[in-house]
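Taking it in order: structure first as structure tokens, then the write-up.
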Amino acid sequence: MSEATGRQEQERSRITRQRLMEAAISALSELGWTGATMSVIAERAGVSRGACQHHFPTRSDLVAAAVEYFGHQQVEELRRRAAQLPAGGGRTETILHMLADFYTQRTFVVAAQLWTAAKTDKELHAQLLPVETRVGREMHRLAVGLLGVDDREPGVRELVQATLDLIRGLGLANLLRDDSARRKKILHRWAETLEDALRPRRGRRAGD
């Protein structure tokens, strides 16, 4: 096989994998874990079931890869948006709303369904737990950077994690109905609380 042919094969493989992951997220969001079978996902991606299993031997392999892939994409999008934010008043509240966007998008809805299924599906649990851990760490690092704090400072890591836990809970509350009005009020109040709690830590960091 020539080098050019090899690159073409790699590109075709990459495109097929991406189509399968997109189809998995689509099927899971519409049909749930039970309805999003390998056959359904393969059909939506326009490939045979055999081709699907060539790239992802099991459904758990596929959905775990899809959740991680799109989770990372959304984190990178948050980083791009954050880079355009002005400093000064209102920044913390804007950041909280940006983080909330992550936990109200379709990928999070799918992840929440999978967490429930993984409670009784050992294979899915084994695949999903390390993905959740990696994405969770990435979100924590992102929040630390956006808030401009040092999580080695006493209490800062817990404040950041409490913020993410709060926002994740608000995302879960949004699963059954549009909870945006209540979420807006809560995030406004939490932004004020967080600003007060982090201000002395930011001051120490600036003076280092």
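The values are calculated or read from the model by the stated rules, or taken from the named source; none is laboratory data. The structure presented is a predicted model; accordingly, all values stated were derived computationally and were not measured. All Cβ positions, even for glycine, are placed from backbone atoms using ideal geometry, and neighbour counts span all protein chains on display.
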- Message: Quick test of your reading of the structure: ARG49 fulfils all but one of (1) charged (D, E, K, R); (2) surrounded by 14 or more Cβ atoms within 10 Å (Cβ to Cβ); (3) within 24 Å of the chain's Cα centre (by Cα). Name the failing condition by number.
- Response: (3)
- Task: Determine which member of the set VAL160, VAL135, VAL144, VAL156 is touching a Gly at 6+ places or on another chain (Cβ under 8 Å) and of a type outside the set (D, E, K, R).
- Result: VAL135
- Item | Candidates ALA65, ALA87, filtered to the one that is at pLDDT 90 or above, at negative phi and not basic (Lys, Arg) | ALA65
- Quick check, is LEU96 within 25 Å of ILE186 (Cα to Cα), part of a helix (DSSP H, G or I), touching a Phe, Trp or Tyr at 6+ places or on another chain (Cβ under 9 Å) and outside the structural domain of GLU9 (by TED's automatic domain parsing)? yes
- Query: Can you name the condition, by its number, that GLN127 falls short on among (1) part of a helix (DSSP H, G or I); (2) within 13 Å of the chain's Cα centre (by Cα)?
  - Reply: (2)
- Among the listed residues LEU146, LEU175, LEU187, LEU166, which satisfies the condition of being within 20 Å of the chain's Cα centre (by Cα) and within 18 Å of HIS72 (Cβ to Cβ)? LEU146
- Can you tell me which residues in region 172-189 are at pLDDT 95 or above and in contact with a helix residue (DSSP H, G or I) (Cβ under 7 Å, 6 or more places away or on another chain)? ARG183, ILE186, LEU187, HIS188
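How many of the residues making up region 100-124 are assigned to a helix (DSSP H, G or I) and within 13 Å of VAL67 (Cβ to Cβ)? Spell out the reasoning first.
Applying the first criterion (assigned to a helix (DSSP H, G or I)) to region 100-124 yields 100-102, 106-118, 122-124.
From the residues that got through so far, the ones that are within 13 Å of VAL67 (Cβ to Cβ) too are 102, 106-115, 117-118, 124.
Final tally of qualifying residues: 14.
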- Top-ranked residue in region 69-91 [being over 15 Å from HIS140 (Cα atoms) and buried (at least 16 other Cβ atoms within 10 Å of the Cβ); ranked as farthest from the chain's Cα centre (by Cα)]: ARG91
- Task: Look through region 117-143, keep the residues that are without any contact (Cβ under 8 Å) to a residue 24 or more places away in the chain and more than 19 Å from HIS72 (Cα to Cα), and return whichever of them is surrounded by the fewest Cβ atoms within 10 Å (Cβ to Cβ).
- Result: THR120
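Please enumerate the residues belonging to region 135-185 that are basic (Lys, Arg) and either in a helix (DSSP H, G or I) or not assigned by TED's automatic domain parsing to the domain that holds ARG79 (or both). Explain how you work it out, then say what you get.
Restricting attention to region 135-185, the residues satisfying the condition of being basic (Lys, Arg) are 137, 141, 152, 157, 168, 177, 182-185.
Correct list: ARG137, ARG141, ARG157, ARG168, ARG182, ARG183, LYS184, LYS185.
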